[in-house]
1. Among all residue pairs at least 6 apart or on different chains, which show Cβ distances below 7 Å where the first residue, located in the stretch 180-192, is over 17 Å from ALA226 (Cα atoms) and the second is of a type in the set (Val, Ile, Thr) and modelled with pLDDT under 70?
2. Suppose we filter the stretch 324-364 for residues that are of a type in the set (Gly, Ala, Ser), touching a residue at least 24 places away in the same chain (Cβ under 8 Å) and at positive phi; how many remain?
3. With respect to TYR321, determine if the residue is surrounded by fewer than 22 Cβ atoms within 10 Å (Cβ to Cβ), among the hydroxyl-bearing types (Ser, Thr, Tyr), in contact (Cβ under 8 Å) with a residue 12 or more places away in the chain and farther than 22 Å from LEU285 by Cβ.
4. For the stretch 293-325, name all the residues that are under 17 Å from LEU376 (Cβ atoms) and among the aromatic types (Phe, Trp, Tyr).
5. Go over the candidates GLY45, GLY54, GLY81, GLY73 one by one and state the one that is at positive phi, under 30 Å from the mean Cα position of the chain (by Cα) and modelled with pLDDT under 80.
6. Those residues that are buried (at least 19 other Cβ atoms within 10 Å of the Cβ), among the β-branched types (Val, Ile, Thr) and in a helix (DSSP H, G or I), I need them from the stretch 342-371; list them, please.
7. Taking the stretch 324-341 as the search range and keeping residues that are surrounded by fewer than 19 Cβ atoms within 10 Å (Cβ to Cβ) and hydrophobic (A, V, I, L, M, F, W, C), which one is nearest to ARG372 (Cα to Cα)?
Amino acid sequence: MTDAPPVTSHATMQSRVLDFVRKGGSYRCETQNEQNAALKLNAKGLIRRDRKDGKLWYDAAAETAPDGEGGEGGPDAPDTGVDRLPRAVDPRVEPEGTEIAIPRHDASDLLATVERARRLLDDGDVIAARMLASVAYDQAKLAAQYGERFKAAEKLVGKARQLQGDALLIEARAKIQLAREWDAATEAGQTLKGRPKSVPNENAFTAADAGLSRKEIHEARKLAAAEARAPGIVERAIQARLEAGLEPSKANLRAAVGTSSAPKEDRGDNLYQTPPEAMHTLLALEQFGSLILEPACGRAACSRPLEEAGYTVSLADLVDYGTADRFGEVQRVEDFLTSEALDGQPDIVTNPPYGALLNRFVAHALRVHRPRKMALLLNLNFLCGFDDDDRNFAMDENPPSRVIVFKRRLPMMHRDGWDGPEATSRMNTAWFIWELNEAGEYAGPTEIRRVDWMDHMPAEQAEAAE
């Protein structure tokens, strides 16, 4: 393999990574700077990622179709304005080899639709822009899904996703503008509530005028609030999905900007202390390397038992709790979703934040940190679900080795600072254990084990629990 390029500017790094990929046919990105450059190149459709090895990249232009024929038709192919993908057909109805046309990024009606929506938004026709962008989003989403289903060249899927992201951004900006207009009308007393029997005032602003349902207006207002708190968050969230080679969907946008979760004043810092019963069980059944990363350390509910068992634990959290390890080293304050792998490749043990960020949290740990072993305390429902790329990445493409299911529910994990009545837990939980095999892969198969945490409690605590 060719030697790695030296660290340099972002643009130069992208150029060098692309050069190494094209010269060698593939290239493994060993540093975070290289991986960042590769993600940028992937978003541009220039290189593609190996489906099993997230650090291995190939030249997208060199990819061939399953039959060995050029995926793009070759340099002398006529410019038809569309890229062709093989389509699954019923031979009783359509001849074998029937193709489906996927609009091409640089010569398609879909691109024209997105551009028209953008012009409408710039001209102030917000409602028309939102409606047109919504149509373009659905079309681009369908094109990307067809491409993935029928194994199209990755850059074709990337083009469709780029258009989907463009349309989503236009639609989101239009909704934000409508939400602001709605709030202004509300403040001026010009909005109508309920379903009045009388003819509405001609100066009143209704949900129908906005082209949105009441529920959609509520969601648009949350989107506007998120953008006001962190200007540019919508565009950054969409771009991050594209750079990671993932679909920029509406659901992921809501999750990324926090509009699909409870208000922060209700969730606090999303800290739910890990019960000691869970840690006693984990330590009784699993062994780890000497160094462990706890990236959501909270108030040390996980790290303290680990240290008592003899492990050295590196502490970090998005929130500064002032938590210190046994050596007096205070936790780092960092966002795990943007963190880089630590030297020494420590194992990971944590009770991650649930809700909208969970899938991204788990996928980031596997993609970027790639620990030799990782134990996450998760809702048993994490076994299910199929419509999130990050969840599929963690459970299908990089399956855990074991899932240790608590057949007796753990005691209730109340929110940090909760002073209300103690409740009985209604959540089924499990330790999900990922472990690299000899080939350096998270490959499963996944073993399901049922355990009773009562069997692993210290004698005096087990008696008190009964």
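The values are calculated or read from the model by the stated rules, or taken from the named source; none is laboratory data. Here the structure is a predicted model, which is why all the values come from computation and not from measurement. As a convention, Cβ positions derive from the backbone with ideal geometry for all residues, glycine included, and neighbour counts pool all protein chains shown.
1. Close Cβ pairs (under 7 Å, with a partner that is of a type in the set (Val, Ile, Thr) and modelled with pLDDT under 70) amount to ALA185/THR191; LEU192/THR206.
2. Residues flagged as of a type in the set (Gly, Ala, Ser), touching a residue at least 24 places away in the same chain (Cβ under 8 Å) and at positive phi within the stretch 324-364 amount to 2.
3. The answer is yes for TYR321.
4. Across the stretch 293-325, the qualifying residue is only TYR311.
5. Details: GLY54 fails: at positive phi; GLY81 fails: under 30 Å from the mean Cα position of the chain (by Cα); GLY73 fails: under 30 Å from the mean Cα position of the chain (by Cα).
Among GLY45, GLY54, GLY81, GLY73, only GLY45 is at positive phi, under 30 Å from the mean Cα position of the chain (by Cα) and modelled with pLDDT under 80.
6. VAL362
7. ALA341
For (1) closer than 30 Å to ASN36 by Cβ; (2) at pLDDT 85 or above, each residue gets a yes or a no:
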position: ALA152; (1), (2): yes, no
position: LEU169; (1), (2): yes, yes
position: ALA174; (1), (2): no, yes
position: LEU192; (1), (2): no, no
position: ALA256; (1), (2): yes, no
